[in-house]
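Enquirer: Before I ask anything, let me first share the structure, which is written out below as structure tokens.
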2 protein chains.
Amino acid sequence: MKLFEKYRPVFEKAQQTCATRECWSPYPDMPDKYPDAAHAKAAGLLAFEKHLQQGRFDLDQPGIHGWIGEEISPYTQAPLGVVYPQSDIDRLFDAAEHAMGSWAQTPFTERIGVLMEVLEVIYRDHLFEVLHAVMHTAGQSYNMAYAGSGVNALDRSMEALVYAEQAMRSVTPRAVWKRRFGSSDIQLQKTYRLVPRGPAVCFSCASFPTWNAWPSMMASLATGNPLIVKPHPATVLPMAITVKAFRQVLQSQGFDPNLVTLAMDTTSDPIGKLLIKHPKTAIVDFTGSVRFGQWVEQNAHPALAFTETAGCNTVVLESSDDLDAALRNLATTMCLFSAQMCTSPQNIYVPKAGVQTPQGLVPFAEVAQRLANSVQALTSDPKKAAMILATIQSPQTLALLKAMQTQGQQHGKVLLSPQPYAHPEFPGARTSTPLMLQVSTRERDLYAEERFGPISFVISCEDAQDALKQATQDARSQGGLTAFLYSTREDFIAQAEAAYARAGAQLTINLVGAMPLNFAAAYSDYHVTGLNPAGNATLTNLAFVAGRFGIVQSRRPVTLESGATA
Amino acid sequence: MKLFEKYRPVFEKAQQTCATRECWSPYPDMPDKYPDAAHAKAAGLLAFEKHLQQGRFDLDQPGIHGWIGEEISPYTQAPLGVVYPQSDIDRLFDAAEHAMGSWAQTPFTERIGVLMEVLEVIYRDHLFEVLHAVMHTAGQSYNMAYAGSGVNALDRSMEALVYAEQAMRSVTPRAVWKRRFGSSDIQLQKTYRLVPRGPAVCFSCASFPTWNAWPSMMASLATGNPLIVKPHPATVLPMAITVKAFRQVLQSQGFDPNLVTLAMDTTSDPIGKLLIKHPKTAIVDFTGSVRFGQWVEQNAHPALAFTETAGCNTVVLESSDDLDAALRNLATTMCLFSAQMCTSPQNIYVPKAGVQTPQGLVPFAEVAQRLANSVQALTSDPKKAAMILATIQSPQTLALLKAMQTQGQQHGKVLLSPQPYAHPEFPGARTSTPLMLQVSTRERDLYAEERFGPISFVISCEDAQDALKQATQDARSQGGLTAFLYSTREDFIAQAEAAYARAGAQLTINLVGAMPLNFAAAYSDYHVTGLNPAGNATLTNLAFVAGRFGIVQSRRPVTLESGATA
């Protein structure tokens, strides 16, 4: 209980914020605001470089039979050269089950205290180490790796703990129950135990390893389950550092470190399906491709599956008080981390007559061109481009850009052709400016699925109604996490809110200014609705945690010895 | 809001009780305590008989293309002669989707008010009508049909509303969010909508139609979803009365009655899989056989599935202060409704050396014989038998009794042979006294699955440890809802509590007296843990409701016109 008491003030503030959904975080939002930032940054870089020098990432986990690793830095396009232990899968599950015993019997507030300590240790000792690991695997920029893969992921983790605590607290640990049956009184003392479902497998993805995985890990562990982490083979190091930190804190608090282990595989020899269909798997958390996500949802049974995949995120541009500002914001969001975010917009629907502004109707083609110009303005200066576009995580994305450009030339108009830009700090970086295509709704085949990477479509529609219809159809059929609307008409806004609510996409309206349109705030913005194919799990709500444990009761007559009072 | 205010006091008491899990119900627990019972009973019987006389159960729902019905009363073994409308499935889904619109937009407290009114209307106007309908389809006794299929089912329904309200209340409807990005302040107003998942299909079972179905219906409707009820073709009338009551209340409150419709099928031409795989199905609640329940869990995707099937419920008899009392209670529970309850015990494990009592060790064979004698004592008097055994719902159960008796003779010892008893009020009733077999653990094939009906096995084990191991293995591998233990050893009790907790079965310890061992109290006892194959859904907890809706937000800059304050 000591640790829970240590973190009680911050946990209670997190609880309040989850209820009010106002803005709050215990963490500084920019690297420079981190305490003693210069030293922390240097130490983090050193820790990262030490992993590269050592080459072998030591994890003292069971069943190790080999060492593998195939990561390539998007910033250097050279192998990281780090290998990780590959353990026998059955041994990992056996160890997980064994570790579960005492953890499951620990009061849940105590478990949450230990997990708050994990957050503190990651924040205090590993944040900048994780930052560099994320940069050189996922390819994010320095600032995004700090925020999106660092403090924001810590915030979402604490949020998961809040909901886990809420779900568990709603079950009283004991009751005395009295009722008359016929002529006699029956008095029972009842005990309600929270029983973890069993071993959880957490898949983390290549481009955003920690943001979904950390909260999932917290949700499973808080509710008493042990955990096997299966990182994408392209992005292992951030999760290996994570696993090691969890294990060290668990062990230091007297728990079995095998509550958290690492399951490694390679692109050529994947183990994902083996893990999901393992007879001991009780929970699966998956972040990754739509295709495998669907497979997980369909095949995880009897395990519970929580998925977040991706979708066709849409924009409807109907009218604007300040079209330049709107296009600037859109352009920024389309460029952010080269649109390798599950929240990046892809399909931009514009009425063919154009967009209404205080200066009159701006024709469709002009809107498309001005948006392309905005994107180009952001990406033509390599220094600016490096900050916003960062790198391309996978060579496959470069291949897709090429293929889509060819198709775009055949079926539409290429507004912007992708080309590498010279990263000022990493001359070997895998980079690309965005591909932007102008099409009509006849080219639906081109854009009606997620095209991962910096690929977007400006699509001419019949009118605003058609734009809204097409956009929400994308979300419903292909999945959609985010949606963006610019309109000065309150009636159209209300209509769009209702339509996107039915389509299950989180809508941002008329936002201009310094905040990226797709910024998702922990404790405030719900991520994924579960109402369309973009995933079935929300970060974070009660449904994200309430099924991870069962309630098992025992009841017996009240006796004097038991000390229960009538 | 008027209706919610009307029921607020009782709803708040239900909320408190779900938290404390003490004993409470707003309903009288016995038919004679019902207000103006004589009149209510007579009116209920009349209403039931009117259905038989009319022959045609009118429901004004869409797409009716035929009238079918094949119910046979277990009390008379004659057809009820009632036919129900059979609607085109697509029309039912279309109507459900259409009805959802305004219901989904109604504040959830208002929806809950309407559903509380439904409970009141069923209690006030239909309770004894449902009672006779349950008797003459499911075959329950008068008192069980009143309690288990009447007031207790109403209680469980109110409990479902409590959890639905708790899950929905945990989402604030709006927030104002302010954060600094760089040098500028961003201030957003956020709206969080609770969006129902979509059409729900609720399957009700033959032997206990209302107890699971009513709470499931409440859970789906409270969270905004429309509902199609698919009754077992043998037990339609109780659910048809239910559907009609829901429709009338919904309509009288200004809502589309097609929020609740009936989907009929026949044994020879079932539509269950069509309903589950219908592209518009978003939620499935299933109560019924293990086999189909497993199919539902595996195939419902992308719909959410909530199942309660059955299992091998177990007893461990280790030692007892009062063996006669223990055996009497066991015998009563084994006889109750001819063990056609998902909570009825089937496998009774006894150490081969016998059971320790204050009078010394009672040998295994004597324990088995005394238990058989207790069962016989309860069932040899037809009047008593009628009250406790009631009838056999399905002729298939009689066939199974016969087959199991033959197998028992070959592989074990028949402690009690089943035989019809003459029901004092219904001479044509389908009845049977229980089959009891004495076997050893070598006959595992005989008992290691649910044998539905009054079939039980007294199984000799190596010792108490072996008994507990075998029993909890049944629960883990075959599913188990309930479990019963008699032991005077606190260390063994603690061990059994831990073992059954891992196996996910609700344990009742050393209970003797007037309460049936498998009595499940609403607001207090959790029904099904979700931790073994007996089903994945608990009646009722947060997991039972939290996934039935999604949270969709919209956010936009705070403007002066919007009236939001900074």
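Enquirer: Could you tell me how many of the residues in the range A:507-532 are within 23 Å of A:Ala160 (Cα to Cα) and touching a strand residue (DSSP E or B) at 6+ places or on another chain (Cβ under 6 Å)?
Expert: Residues that pass the stated criteria total 10.
Enquirer: List the number of the failed condition for A:Ser487; all other conditions in (1) surrounded by 20 or more Cβ atoms within 10 Å (Cβ to Cβ); (2) farther than 25 Å from A:Val414 by Cα; (3) under 28 Å from the mean Cα position of the chain (by Cα) hold.
Expert: Every condition holds for A:Ser487 apart from (3).
Enquirer: Here's something else I'd like to know. Looking only at the range B:63-80, decide whether some residue is among the β-branched types (Val, Ile, Thr) and assigned to a helix (DSSP H, G or I).
Expert: Checked against the condition, which is being among the β-branched types (Val, Ile, Thr) and assigned to a helix (DSSP H, G or I), the range B:63-80 yields no hits at all.
A quick yes/no check of all residues on (1) part of a helix (DSSP H, G or I); (2) more than 14 Å from chain B (Cβ to nearest Cβ); (3) modelled with pLDDT under 95:
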residue: A:Arg180; (1), (2), (3): no, no, yes
residue: A:Leu188; (1), (2), (3): no, no, no
residue: A:Leu194; (1), (2), (3): no, no, no
residue: A:Cys202; (1), (2), (3): no, yes, no
residue: A:Met218; (1), (2), (3): yes, yes, no
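Enquirer: Test A:Ile509 against the stated conditions and say whether it is of a type outside the set (Lys, Arg), farther than 20 Å from A:Arg156 by Cα and within 8 Å of chain B (Cβ to nearest Cβ). It would help to see each step written out before you state the result.
Expert: Working: of a type outside the set (Lys, Arg): yes; farther than 20 Å from A:Arg156 by Cα: yes; within 8 Å of chain B (Cβ to nearest Cβ): yes.
Taking the combined requirement at face value, the residue satisfies it.
Enquirer: Tell me which of these B:Arg291 doesn't satisfy, since it passes every other one: (1) surrounded by fewer than 21 Cβ atoms within 10 Å (Cβ to Cβ); (2) touching a residue at least 40 places away in the same chain (Cβ under 8 Å).
Expert: (2) is the only condition that B:Arg291 fails.
Enquirer: Restricting the search to the range B:465-503, which residues are over 21 Å from B:Val290 (Cα atoms) and in contact (Cβ under 8 Å) with a residue 40 or more places away in the chain?
Expert: Correct list: B:Asp466, B:Ala467, B:Leu468, B:Phe484, B:Leu485, B:Tyr486, B:Ser487, B:Thr488, B:Arg489, B:Phe492, B:Ala496.
Enquirer: If you take just the strands (runs of 3 or more DSSP E) that sit entirely in the range A:255-373, which of them hold at least 2 residues that are within 30 Å of A:Pro231 (Cα to Cα)?
Expert: A:260-262, A:283-287, A:304-308
Enquirer: Which one of B:Ala245, B:Ala240, B:Ala213, B:Ala206 is more than 14 Å from chain A (Cβ to nearest Cβ), farther than 30 Å from A:Asn510 by Cα, in a loop (DSSP other than H, G, I, E, B) and modelled with pLDDT of 95 or more?
Expert: Values: B:Ala245 fails: in a loop (DSSP other than H, G, I, E, B); B:Ala240 fails: in a loop (DSSP other than H, G, I, E, B); B:Ala213 fails: in a loop (DSSP other than H, G, I, E, B).
Within the list B:Ala245, B:Ala240, B:Ala213, B:Ala206, the selection yields B:Ala206.
Enquirer: So if I check each of B:Leu227, B:Leu259, which one is of a type outside the set (Ser, Thr, Tyr) and either over 20 Å from B:Glu120 (Cα atoms) or touching a Phe, Trp or Tyr at 6+ places or on another chain (Cβ under 7 Å) (or both)?
Expert: Going through B:Leu227, B:Leu259 in turn, the sole match is B:Leu259.
Enquirer: Name every residue in the range A:302-338 that is among the small types (Gly, Ala, Ser), touching a strand residue (DSSP E or B) at 6+ places or on another chain (Cβ under 7 Å) and within 19 Å of A:Arg370 (Cβ to Cβ), in order of residue number.
Expert: A:Ser319, A:Ser320, A:Ala326
Enquirer: While we're looking at this one, here's another question. Test of understanding: among B:Ser432, B:Ser440, B:Ser417, which residue is hydroxyl-bearing (Ser, Thr, Tyr), closer than 27 Å to B:Lys469 by Cβ and either outside the structural domain of B:Gly479 (by TED's automatic domain parsing) or at pLDDT 95 or above (or both)?
Expert: B:Ser440
Enquirer: Something else: Residues in the range B:30-37: is at least one surrounded by 16 or more Cβ atoms within 10 Å (Cβ to Cβ), in contact with a helix residue (DSSP H, G or I) (Cβ under 9 Å, 6 or more places away or on another chain) and part of a loop (DSSP other than H, G, I, E, B)?
Expert: Yes, the conditions are met somewhere in the range B:30-37.
Okay, residues lined up against (1) assigned to a helix (DSSP H, G or I); (2) of a type outside the set (D, E, K, R); (3) more than 7 Å from chain B (Cβ to nearest Cβ):
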site: A:Ala494; (1), (2), (3): yes, yes, yes
site: A:Leu517; (1), (2), (3): no, yes, yes
site: A:Arg555; (1), (2), (3): no, no, no
site: A:Thr559; (1), (2), (3): no, yes, yes
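Enquirer: Which is surrounded by fewer than 21 Cβ atoms within 10 Å (Cβ to Cβ) and more than 9 Å from chain B (Cβ to nearest Cβ), of A:Pro173, A:Pro231?
Expert: Result: A:Pro173 is the single residue among A:Pro173, A:Pro231 that is surrounded by fewer than 21 Cβ atoms within 10 Å (Cβ to Cβ) and more than 9 Å from chain B (Cβ to nearest Cβ).
Enquirer: Return a yes/no flag: does the range B:72-80 have any residue that is modelled with pLDDT of 95 or more, touching a Gly at 6+ places or on another chain (Cβ under 6 Å), of a type in the set (A, V, I, L, M, F, W, C) and within 23 Å of B:Gln393 (Cα to Cα).
Expert: Going residue by residue through the range B:72-80, those that are modelled with pLDDT of 95 or more are B:72-80.
Subset that is touching a Gly at 6+ places or on another chain (Cβ under 6 Å): B:74, B:76-77.
Imposing the further condition that a residue be of a type in the set (A, V, I, L, M, F, W, C) reduces the set to none.
No, the range B:72-80 contains no residue that is modelled with pLDDT of 95 or more, touching a Gly at 6+ places or on another chain (Cβ under 6 Å), of a type in the set (A, V, I, L, M, F, W, C) and within 23 Å of B:Gln393 (Cα to Cα).
Enquirer: Let me ask something additional. Report, ordered by the first and then the second residue, all pairs with beta carbons closer than 8 Å, sequence separation of six or more or different chains, a first member in the range B:177-198 that is closer than 27 Å to B:Ala99 by Cα and among the aromatic types (Phe, Trp, Tyr), and a second member that is modelled with pLDDT of 95 or more and surrounded by fewer than 19 Cβ atoms within 10 Å (Cβ to Cβ).
Expert: Short answer, once both residue conditions are applied: B:Tyr192/B:Thr172; B:Tyr192/B:Pro173; B:Tyr192/B:Arg174.
Enquirer: Of all residues in the range A:122-164 being charged (D, E, K, R) and surrounded by fewer than 22 Cβ atoms within 10 Å (Cβ to Cβ), which is farthest from the other protein chains (Cβ to nearest Cβ)? Before the answer, list the steps.
Expert: Let us first name the residues in the range A:122-164 that are charged (D, E, K, R), namely A:124-125, A:129, A:155-156, A:159.
After this cut, where a residue has to be surrounded by fewer than 22 Cβ atoms within 10 Å (Cβ to Cβ) as well, the list is A:124-125.
Working: A:Arg124: 24, A:Asp125: 27 Å.
Step by step, filter the range A:122-164, then rank; the result is A:Asp125.
Enquirer: A further question on this structure: If only one of B:Thr482, B:Thr538, B:Thr488, B:Thr529 is among the polar types (S, T, N, Q), over 30 Å from B:Arg179 (Cα atoms) and touching a Phe, Trp or Tyr at 6+ places or on another chain (Cβ under 7 Å), which one is it?
Expert: B:Thr538
Enquirer: Another question, then. So, of the residues in the range B:533-544 that are facing chain A (nearest Cβ under 9 Å) and assigned to a loop (DSSP other than H, G, I, E, B), which turns out to be farthest from A:Arg548 (Cα to Cα)?
Expert: B:Pro533
The values are calculated or read from the model by the stated rules, or taken from the named source; none is laboratory data. Keep in mind that this is a model prediction, so the values were computed, not measured. Neighbour counts are summed over all protein chains in view; Cβ atoms, including those assigned to glycine, are modelled from backbone coordinates with ideal geometry.
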